[in-house]
Amino acid sequence: MTQPPLITPDVLIIGGGPAGLTAAAELAGRGAGHVLVADREQDAGGIPRHSDHTGYGLRDLRRVMTGPAYARHLVRRATEAGADIRTRTMVTGWADEHTAEVTSPEGRYHVRARATVLATGARERPRTARRVPGDRPHGVYTTGQLQNLVHLHHQPVGKRAVIVGGELVSWSAAVTLREAGCTPALMVSQYPKAESYGAFTLAGRTVLGVPVATRTRVTRVIGKGRCQAVEIEHLDTGLRRRVACDTVVFTGDWIPDHELARSAGITLDEGTLGPLTDTALRTSRPGVFAAGNLLHPVDTADVAALDGRHVAGRVLAHLDGADRPAPGVRLIADAPFRWVAPQILRPSDPAPARGRLLLWTDEFARFPKVTIRQDGRTVARRTLSWPAAPGRVFRIPSTLLAGVSPTGGPVHIGLG
Amino acid sequence: MTATPHRPHDGVFDVAVIGGGIVGAAIARELSGHDVSVALLEARDDVGDGTSKANTAILHTGFDAKPGTLESRLVARGYHLLSAYAEETGIPVEHTGAVLVAWNDEELAALPALKEKAEANGYAHCRIVGADEVYGVLPHLGEGALGGLTVPDESIICTWTTNLALATDAQRRGTTVLLRHAVTGVDTGDGVGADTADGYGGGGDGVTTLHTSAGDVRARWVVNAAGLGADHLDRLFGHDRFTVTPRRGELFVFDKLTRPLVDKIVLPVPTSRGKGVLISPTIYGNVMLGPTAEDLTDRTDTGTSEDGFDFLLTKGERLMPRLLAEEVTASYAGLRAAIDHPDYLIEADPAQRYLLVGGIRSTGLTAGIAIAEHVRTLLEEAGLKLRPRGDVPEPPRMPNIGEAAPRPYEDAELIARDPAYGTVVCFCERVTEGEIRDACHAPLPARTPEGLRRRTRAMNGRCQGFYCGAAVAALSARHHPDDGCGSRPAPCGRPAQHKDNR
């Protein structure tokens, strides 16, 4: 086989969702040169394309719009800034450390950029990855597939659904089901209270009228051909019962789409399963950066977008040859925190995006007392006025790290 | 469908083969290489949708068969026949080799006898190796392996493509493939099952009528390759010689990112305490753990179970803890047609012009083409006149859905010729629009999402449709096969005779 054609943009951004498009708009607008966005979907925009409800754009655009409108806005802004957005363009692997292999209808080619930004996002774990046994009927979806079907392809779903999970996205699934004429009959959550924002949960109970079974898991999917029911179990009593439904939506339980990062040999964080990054969003490979929900599965789209804006500065410094990262210290999430992002603090680096560290908790704390420790010393302790709740990102101000010694040992972040 | 010279004018096929699994498809292909008209009847809406779709997909050397059995002979021959056929047709095969790993003294002590057994089966390349060598080739194996037996020629193969290649080949050779034709009753020419009993030639014509869910099909000879339903069908012919017990095997398929952990098939050593589970690379670049073995009564229960999952996870934890730290991409359950007979049960009944192929366990994937040869011989001995044709068409060239050879998304020249191969629709499995289009317009087209999965791998990947499910569905709807067999859920209601006259 002959060597595929090579193109050499200044920046390659892999993934055209909120993070990738915002980074592209910023970089192209600030003179980064040829900024190429490779998006494998038919249209760029990422998950908001098929999240047809409002609430997008709050933190990054200071206005609120629907997901599809937000996606179109981000595409337009990046295009107007001069970014080269190529859809149906999939990076399938790496020819070498800095050369991506690409498949598109225009052909198979290689891209060697001076800087690369991974913005591949996250996906929900499907039923199989959650190891839920039973039959394999039709009518079992993730939220992503459901919203794709309903909003992009206008396909019917069933009449009566069980929603598995109680994260923010689970309520988004409930809204979509309603719009498609399918009744969300029950939401099943393993946690003692439904996750996600309190206000939204309230809205869900009263406005959407979805009953929530807490401390409950799905133990079996039942139905030949079409789904007929799920069997659920109460975690404390062990009691099981069947809930009739022709549709099951497995929501949340996000995992970063990290395949390209892993196949590139980039170090992953064991907690997030996304690339290990510092507050400037550098990965372990010089010249390769990462942004968005690939790094913190998952925060809202606007937070992912602001990662994209944040990473642009460091990419520009790299293009100028002025990026010389100093040695840093590791940030470690202690239980009940599952992970923290980013994970490396370097003395010369900017504060993280929005001045926040992002964490994921397995336990609910109404008034979380966050403690920062290093080498046996308490660096900071502060009680925050917002709760730490499972099923949603818990954000803490990075100013809590002000007293960290850049030459000390790992920094532990915990509660109490 | 176009008419072929092998479609009978009187509506009576020379041979009806019942069962569109690997064995039935191989038999139909073999017979239609001769001057006879052949119908292949399949109860479901696709070939290869039963036992053949969910096995461990290993191309066996036959090293561990029971020496002297028909199974031993046919698996050994089938290995060579299928290897050659795979080369011809493009069925994906990877010659990974296997290692039986001994975890205790009993298993270690069993290895020499297994090596001798392999030799008795005509396979001379097994070698007993120490723990160091086991860990040399399988560095991620769990702790505590004491030694092993290597089987360098055990291989992995795409069972789906094998079935499709054989059935497509049979069709090219003139076999009439009748999907959604579940046999519900039988009238044999000699009166059994019919309301007359006037001896040979019941209706006077020596023709057996198969009553099916889609109308009657008439044939002079009938081959029963009905797998899980073979005993029921056998009883319709008046026999009572065996019972099929559906044996459920559950398995996990792990994320492609695990493939570097396992480069060989890791087999258990069979002992008095039964067979363990295996770990195997898959032809699609994943790693598989399984199967369980559980006898059921329900022949349709292909669901997975909590007990099965627990069993696999416990076994897997011992075999390769690293594997269990990774994501599960899919879980399956397949039903093997276990019978109360220690060997393949292949018998002709010349008086009824009927032949049974029963008890074909998971080795049937490997043995299929050899079984077909054997069946052809038995039929000839029973009186079926078979004259080889001089005009047998070339076997089909199948689309490659394996990882060992380049796939369309990697083929620059192909994409340049047809950009549909440059549009990746299923990202996880890198399935392109061109492949989905082709599968919908193939000689045996994909009619269901499952059929599309088996032809292209679409939606089989780690996201299970999160990204692509809706797009794949839309695309296959656009290319919906129009082959006269109707669309789901409307059944194919045309009697066979009508199809014959089209």
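All of the numbers you see were taken from the coordinates with simple rules; none came from a lab. All figures in this text were calculated on a predicted structure; none of them were measured in a lab. Reconstructed Cβ throughout: ideal geometry from the backbone, glycine too, with neighbour counts over all protein chains shown.
Between rounded, prolate and oblate, where does the protein assembly as shown land on the alpha carbon gyration tensor, with a ≥ b ≥ c its root eigenvalues, rounded for a/c under 1.5, else prolate if a/b exceeds b/c? Display every interim value, and only then the final one.
Working: a/c = 1.95, a/b = 1.81, b/c = 1.08.
Here the protein assembly as shown falls in the prolate category.
Give, rounded to the nearest 20 debye, the magnitude of the charge dipole that chain A has about its Cα centre when Lys and Arg contribute +1 at Cβ and Asp and Glu contribute -1 at Cβ. Walk me through the intermediate numbers first.
Details: 52 positive and 38 negative charges, 228 e Å.
Charge dipole of chain A: 1100 debye, to the nearest 20.
Fewest Cβ neighbours within 10 Å first, please rank B:117, A:369, B:256 accordingly.
Working: B:117 18, A:369 13, B:256 22.
Result, fewest neighbours first: A:369, B:117, B:256.
With unit charges on the beta carbons (Lys and Arg positive, Asp and Glu negative) and the dipole taken about the Cα centre of the protein assembly as shown, which residue among B:168, A:290, B:114 sits farthest to the positive side?
The Cα lying farthest towards the positive end belongs to A:290.
Please list A:397-404, B:77-84 highest first by mean number of surrounding beta-carbon atoms within 10 Å per residue. Please report the intermediate quantities before stating the final value.
Working: A:397-404: 16.4, B:77-84: 20.0.
Taking the mean over residues of other Cβ atoms within 10 Å, the ranking is B:77-84, A:397-404.
Could you work out the relative contact order of chain B? I mean the mean sequence separation of Cα pairs under 8 Å and 6+ apart, divided by the number of residues, in percent.
On the way: 1111 pairs, mean separation 102.0, N = 502.
Relative contact order for chain B comes out at 20 percent.
What net charge is computed for the residues neighbouring residue B:394, neighbours being all others with C-beta under 12 Å from the C-beta of residue B:394, Lys and Arg scored +1, Asp and Glu -1? Can you show the working numbers first?
Numbers: positive: B:172, B:173, B:397; negative: B:88, B:169, B:391.
Summing Lys/Arg as +1 and Asp/Glu as -1 gives 0.
Taking H as built 1.01 Å from N, whose amide H comes closer than 5 Å to the amide H of residue A:123, not counting residues under 5 places away?
A:255, A:257
Over what distance in Å are the Cα centres of the range B:308-334 and the range A:249-324 separated?
30
Please check: in the Gaussian network model of chain A (C-alpha springs, under 10 Å), which one of A:376, A:55, A:328 has the largest mean-square fluctuation.
Result: A:376 has the largest fluctuation of those listed.
Over all residues in B:412-419, what is the mean tally of Cβ atoms on other chains that come within 10 Å of each residue's Cβ?
Working: counts 9, 4, 1, 8, 3, 0, 1, 5.
The shielding value for this peptide is 4.
Report the full-extension gain for the segment residue A:43 to residue A:402: residue separation times 0.36 nm, less the Cα-Cα distance, to one decimal in nm.
Values: separation 359, 0.36 × 359 = 129.24 nm, distance 4.22 nm.
Result for the pair: 125.0 nm of gain on full extension.
Given R₀ = 35 Å, FRET efficiency for residue A:95-residue B:392 by Cβ-Cβ distance, to 0.05? It would help to have the intermediate numbers written out before the result.
Working: r = 44 Å, r/R0 = 1.25.
For R0 = 35 Å, the calculated efficiency reads 0.20.
State, as an integer percentage, the relative contact order of the range A:33-109 based on alpha-carbon contacts under 8 Å between residues 6 or more apart.
The value is 33 percent.
So for the range A:1-132, taking the charge dipole from beta-carbon charges (+1 Lys/Arg, -1 Asp/Glu), which of A:119, A:16, A:51 sits furthest toward the positive end?
Value computed over the given set: A:51.
Give me the net charge for the shell around residue B:116: Cβ to Cβ below 14 angstrom, other residues only, Lys and Arg +1, Asp and Glu -1.
Details: positive: B:66, B:115, B:117, B:127; negative: B:64, B:119.
Taking every Cβ under 14 Å from that of residue B:116, the sum is +2.
Could you let me know the centre-to-centre spacing of the range A:111-131 and the range A:357-397, using Cα atoms, in angstrom?
27
Other chains near A:251-260: what is the mean number of their Cβ atoms within 10 Å of each residue's Cβ? Don't skip to the answer; put the middle values down first.
On the way: counts 0, 0, 0, 0, 4, 0, 6, 1, 7, 0.
Neighbouring Cβ atoms belonging to other protein chains average 2 per residue here.
Kindly list the residues of the range A:282-314 that lie in the label zone of residue A:384, defined by a backbone N under 19 Å from the point 7 Å along the Cα-to-C-beta vector.
Under 19 Å, as judged by backbone N against the label point of residue A:384, lie A:292-307 of the range A:282-314.
Given N residues in chain B, what is its alpha carbon radius of gyration divided by 2.2 N^0.38 Å?
Details: Rg = 22.9 Å, N = 502, 2.2 N^0.38 = 23.4 Å.
Output field value: 0.98.
Among residues other than residue B:365 whose Cβ falls under 13 Å from its Cβ, what is the net charge (Lys/Arg +1, Asp/Glu -1)?
On the way: positive: B:53, B:336, B:361; negative: B:71, B:154.
Computed value for this residue: +1.
How many Cβ atoms of partner chains, on average, are near each residue of A:85-93 if near means within 10 Å of its Cβ?
Working: counts 0, 0, 1, 6, 3, 8, 0, 6, 2.
Mean number of neighbouring Cβ atoms from other chains: 3.
Between residue B:341 and residue B:106, what length comes free when the chain is fully extended (0.36 nm per residue of separation minus the Cα-Cα distance, one decimal in nm)?
Numbers: separation 235, 0.36 × 235 = 84.60 nm, distance 2.72 nm.
Full extension from residue B:341 to residue B:106 adds 81.9 nm.
For residue A:369, list the aspartates and glutamates whose Cα falls under 17 Å from its own Cα; do not include residues on the same chain fewer than 8 positions away.
Straight-distance partners of residue A:369: A:334.
222 nm [θ] for chain B, helices only, -39500 (n - 2.57) per DSSP H run of 4+, per residue, to 500?
On the way: 14 runs with 149 residues, N = 502.
Only helices count here, giving -9000 deg cm²/dmol.
Could you grab the relative contact order for chain A? Cα pairs under 8 Å, six or more apart, rounded to a whole percent.
Details: 1074 pairs, mean separation 63.0, N = 416.
Value for chain A: 15 percent.
Using a Förster radius of 51 Å, what is the FRET efficiency between residue A:224 and residue B:143 based on their Cβ-Cβ separation? Nearest 0.05, please.
Numbers: r = 42 Å, r/R0 = 0.82.
Taking R0 as 51 Å, the efficiency between residue A:224 and residue B:143 is 0.75.
Quick check: pseudo-label points 7 Å beyond the Cα along Cα→Cβ at residue A:320 and residue A:369, how many nm apart are they?
Result: 4.5 nm between the two label points.
Any idea which of B:266, B:456, B:93 is furthest toward the positive side of the dipole for chain B, if Lys and Arg beta-carbons carry +1 and Asp and Glu beta-carbons -1?
Value computed over the given set: B:456.
Short version: ³J(HN,Hα) in whole Hz for each residue of the range A:277-286, in order, from phi by Karplus 6.51 cos²θ - 1.76 cosθ + 1.60 (θ = phi - 60°), x for Gly and Pro, what are they?
Here the 3J(HN,Hα) series is 9, 9, 5, 8, 6, 7, 8, 6, 9, x Hz.
As a check on your grasp of the helix formula, calculate [θ] at 222 nm for chain A: sum -39500 (n - 2.57) over DSSP H runs of n ≥ 4, divide by the residue count, round to the nearest 500. Spell out each step's value before the answer.
On the way: 8 runs with 77 residues, N = 416.
For chain A, the value works out to -5500 deg cm²/dmol.
Helix B:70-89: angle to the longest alpha-carbon principal axis of chain B, degrees 0 to 90, nearest 10?
It works out to around 90 degrees.
Is the shape of the range A:126-252 best called rounded, prolate or oblate, per the rule: a/c under 1.5 gives rounded, else a/b larger than b/c gives prolate, else oblate, with a ≥ b ≥ c the square roots of the Cα gyration tensor eigenvalues?
Working: a/c = 1.67, a/b = 1.03, b/c = 1.62.
In terms of gyration-tensor shape, oblate.
Tell me, how many Å apart are the Cα centres for the range B:410-463 and for the range B:38-104?
25
For chain A, modelled as a GNM with alpha-carbon contacts under 10 angstrom, which of A:271, A:252, A:107 fluctuates the most?
Maximum fluctuation in the GNM of chain A, among the listed residues, is at A:107.
Estimate the FRET efficiency between residue B:306 and residue A:244 by the formula 1/(1 + (r/R0)^6), using the beta-carbon distance for r and 35 Å for R0, to the nearest 0.05. Each step should come with its number before you reach the end.
Numbers: r = 21 Å, r/R0 = 0.59.
My answer for the efficiency is 0.95.
First check a/c for chain A, with a ≥ b ≥ c the square roots of the eigenvalues of its C-alpha gyration tensor; if it is under 1.5, answer rounded, and if not, answer prolate when a/b is larger than b/c or oblate otherwise.
Oblate.
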